[in-house]
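*Asks:* Below are the structure tokens for one structure; questions will follow.
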Amino acid sequence: MAVSSISSDKAPKAIGPYSQAVKVQVGGEEASFLIFCSGQIGLMQDGQMVPGGIRDQTKQVLANLKEVLEAAGSSKEKVVKTTVYLKDMNEFSQMNDEYARFFGEHKPARATIQAAKLPKDALIEIECVATAEE
């Protein structure tokens, strides 16, 4: 099984000892891939948190994931599962509005969890799993 680390210069660098994503080859002759994206928070490319509240951070998180997915040869339309971590579940509807706008008609499986504390005091973190073909 081939495993490769993925990174994008268009998304903020990982803030720890991990990859932005990992691409895993699955299948035989007609190889396909699974992309496991690490959690993204609302960091801009310069490493600073995007100003604003949950809507702004959600938009930034999803933009970061889009860049990492594209670097892996995938796209938001190929996301099969997301996990959303919210600092405050009371902000669910605002996050959900931006999430729905981003994915449109595509509706990946999702879990949403309230987290006591996120890196850099972020309001939201999202990780995902997607597919890709070579």
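No value in this document is a laboratory result; all are computed from the given coordinates. Because the structure is a prediction, the values reported are computed rather than measured. Backbone-built Cβ (ideal geometry, glycine too); neighbour counts: all protein chains shown.
*Asks:* Go through segment 96-107 residue by residue and turn each phi into a ³J(HN,Hα) via Karplus (6.51, -1.76, 1.60, θ = phi - 60°); whole Hz please, and just put x for glycine and proline.
*Replies:* Those phi angles translate into 4, 4, 5, 4, 5, 4, 5, 7, x, 6, 6, 10 Hz.
*Asks:* Which order do the peptides 2-8, 51-57, 71-77 take when ranked by the mean count of other beta-carbon atoms within 10 Å per residue, highest first?
*Replies:* 71-77, 51-57, 2-8
*Asks:* Which of the following values of Cα extents along the principal axes in Å was calculated from the structure shown: (i) 46, 38, 28; (ii) 43, 32, 28; (iii) 47, 31, 23?
*Replies:* Of the listed options (i) 46, 38, 28; (ii) 43, 32, 28; (iii) 47, 31, 23, (iii) comes from this structure.
*Asks:* Give me, ordered by chain and number, the residues 5 or more places off Ala122 or on other chains with an amide H under 5 Å from its own placed amide H.
*Replies:* Correct list: empty.
*Asks:* Of the peptides 101-114, 33-46, 84-97, how do they stack up when ordered by the mean number of other Cβ atoms within 10 Å, highest first?
*Replies:* Taking the mean over residues of other Cβ atoms within 10 Å, the ranking is 33-46, 84-97, 101-114.
*Asks:* Give the cross-link partners of Lys117 among the aspartates and glutamates, using a straight C-alpha distance below 13 Å as the criterion and excluding same-chain residues fewer than 8 apart.
*Replies:* Result set, ordered by chain and number: Asp88, Glu125.
*Asks:* DSSP beta bridges in the chain, what fraction antiparallel, as a percent rounded to 5?
*Replies:* Within the chain, antiparallel bridges account for around 80 percent of the total.
*Asks:* Something else now. Just from its helices, what would the mean residue ellipticity at 222 nm be for the chain, if runs of 4 or more DSSP H residues each count -39500 (n - 2.57) and the sum is divided by every residue, rounded to the nearest 500 deg cm²/dmol? Walk me through the numbers on the way to the answer.
*Replies:* Details: 2 runs with 30 residues, N = 134.
Result for the chain: -7500 deg cm²/dmol, rounded to the nearest 500.
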